[in-house]
Amino acid sequence: MIQALSNVVLQDNLISLSVVEMAGLLFVYFLIVFGIVLKIARTSEDTDEFIVANRQVGLGLGAGSTTATYIWAASFFSAAIAGYQYGIAGPIHYGLWGACALFFIWPYGLRMRELSPEGHTLPELIKARHGKFSHLTTVFANSFGSTVSLTVNLTAAGSLISMFSSISYEWGVIGIGVIIFAYVVKSGFRSSVITDYVQITAMFIVAIVGIPMIVSSMGGVSAMYTGLDTNLTSAQADFFSKEALFGQGIPMFVAILSWAIGNQTLIQRVFGIKEDKIKYSFMTASVGYGAIVIGIGTLGFAAAAVGITPVQGDPNNLVPQLASTHLPFAFAIAFMLLILSALSSTADSDLSALSAIFMTDIWNQYVVSNNPSYRNYTLWVGRGTMAFFTSIAVYVAMSQISILFAVMFMSVLWGCIVFPVISSLYWEDVSDIGFSLGSVGGLIAGVLAAGEFVSFSTGPFELIYAPLVTIGFGVVFALLAFTFLPVKPSAVIGLIAAIAIIPAVPQILAGGYALTVGATSAYGLSAVICGGIALMSDHDYDFDQLKHEVENLSTSPQEIAQDDQSPSETPATGSTD
């Protein structure tokens, strides 16, 4: 294949394959991942196998799949842009805080498994804990967020394919969408986990070899050091730059828990990985994610330091441009496939998450509960859900949505449910109405600020958003501390953080840092509403009943009455190690 591509030319410093050559590469890629899926596919599969791989995913596959899933379009393109725009501090802010999301989720993940050992999705757990309104709120946040994520990954894949070949953006989106759907639809979550492991292995190999080769080709560390004074601004050359802190570091930091707790693709791994392997899987994944993403971000910093200008002035072209011009041809193609693997691994996880939500939280809860005979169609509902959302994502991706806007919106969308979700896992007084109103209120406040629909830097909205941002920072620090500390010390840490940020709040509001204001205000208002209602409530939930509540959600009233009769499905056996 590589020899057949010897006539490739460069256009605007980017490799340009013909339609046949690119189609051939994509076909080979498809054959590899589809062959893997067929190899691990089972002749008889049930819903638990399709949704959570019978909760038997081992440490190696769990860590690899979690890492691959978390490295998506934004991780590659935005990390490099962060390095190019903010300089030496950019890659650290992007990769380090993103890695912390994976590190801090495992204590909450273990709590979810403790409360719901037979659970499948976060909305299912929330319905058992609260009821219908909170359930639907969480279903919306998770399904809409995963749809946006899927769309972003198809958008990035289509752009990448059109950059490297004569295939149009539209056909690139359609092609990669069909490939991802085709290999994940057979075995669902199990397909996603196995292919993720292969993809992350390839990513590490190419990144470990490719990134040093690119840096060396640009002149190495000495050229970067020389460029600190000649090509970079003082802010870009400053590791402790306030510009990088407010523009990149704080938005990533406040998004830590929203990306970890609100994201069904990660929660699905909490329920799918063996319980005693959750901690080490997520800790390992945090290291892997940080290494790859900081490495990619370093390429952006190196490009800025040596004075490279992105093709057509678009920073999104930076990574493909560097691969095309500073790697041997074969490695440049491998680097392109590395990026496609990263996008594909997250996209197939999005499809698995969406199918899990619609099988568990829509079909089983509102159809099978009234008509048990329809349970036999559950797997087909999951596969149909994948087809439906692939079509929706392909259609929306045709408009080439902004990756930055999508990241902003998802941080707010998932951020507004973080406090209600975490408090619901521990606090007996949190109620259905408090959860729902807190989530909706946080979403409204966050979207208005992040989308700059209101002027939060002056006037009456400044008086509203200043305290919300302050409270939001305190909430983030308190919840992070609570992963390892008791309630009271965590609350003290949150209070100290809120007081410490007060002097910087006017600068954040006046500086136009919409993403920071949106995310923190979503945290702040959701915590005020949800926590306030809980403090005024005499609701006293018994967590010992939650396990049985989750189990009952999977069984219709008619099946409970006929529990001694033969089951409609026979669980598959075996371990996914």
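The values are calculated or read from the model by the stated rules, or taken from the named source; none is laboratory data. Keep in mind it's a predicted model, so treat the numbers as computed, not measured. With ideal geometry, Cβ positions are generated from the backbone for all residues, glycine too; neighbour counts draw on all protein chains shown. What goes into the accessible areas is simple: the full protein's heavy atoms, side chains included, and nothing from ligands, DNA or RNA. Shrake-Rupley method; radii C 1.70, N 1.55, O 1.52, S 1.80 Å.
Tabulated values for the structure
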| item | result |
| --- | --- |
| Cβ-based charge dipole, the chain, positive-most Cα from 334, 147, 457 | 334 |
| Over the chain, relative contact order from alpha-carbon pairs under 8 Å, at least 6 apart, % | 27 |
| Solvent-accessible surface ranking, highest first, for 544, 432 at 1.4 angstrom | 544, 432 |
| Solvent accessible area, Å² - residue 106, 1.4 Å probe, full protein context | 30 |
| Heavy-atom accessible area order for 479, 31, largest first, 1.4 Å probe | 31, 479 |
| Protein-only accessible surface order, largest first, of 536, 386, 163 at 1.4 Å | 536, 163, 386 |
| Whether the chain is rounded, prolate or oblate, judged on the alpha carbon gyration tensor where a/c under 1.5 counts as rounded | oblate |
| Cβ charges +1 (Lys, Arg) and -1 (Asp, Glu), total dipole of region 99-228, debye | 360 |
| Computed accessible area, residue 114, all protein chains, 1.4 angstrom probe, square angstrom | 110 |
| Helical mean residue ellipticity (222 nm; -39500 (n - 2.57) per DSSP H run of 4+; nearest 500) of the chain | -23000 deg cm²/dmol |
| Karplus-derived 3J(HN,Hα), 6.51/-1.76/1.60, for each residue of region 462-474, Hz, glycine and proline x | 5, 5, 7, 7, 4, x, 5, 5, 4, 5, x, 4, x |
| Cα-based shape type of region 239-346, given that a ≥ b ≥ c are square roots of the gyration tensor eigenvalues and the cut on a/c is 1.5 | oblate |
| Note, ³J(HN,Hα) from phi for region 317-325, Karplus 6.51, -1.76, 1.60, rounded to Hz, x at Gly and Pro | 7, 4, 5, x, 5, 5, 5, 5, 9 |
| Segments 224-230, 285-291 sorted - mean Cβ within 10 Å per residue, highest first | 285-291, 224-230 |
| Under the Karplus curve 6.51 cos²θ - 1.76 cosθ + 1.60, θ = phi - 60°, whole-Hz ³J(HN,Hα) for region 530-539, x wherever Gly or Pro sits | 5, x, x, 5, 5, 5, 8, 9, 9, 5 |
| Sequence-distant residues sharing a close amide H with residue 17 (under 5 Å, placed H) | 165, 166 |
| Carbon/sulfur fraction of accessible area - region 96-204, other protein chains in place, 1.4 Å, % | 74 |
| Sulfur and carbon atoms: percent of accessible area, region 210-342 [1.4 Å] | 61 |
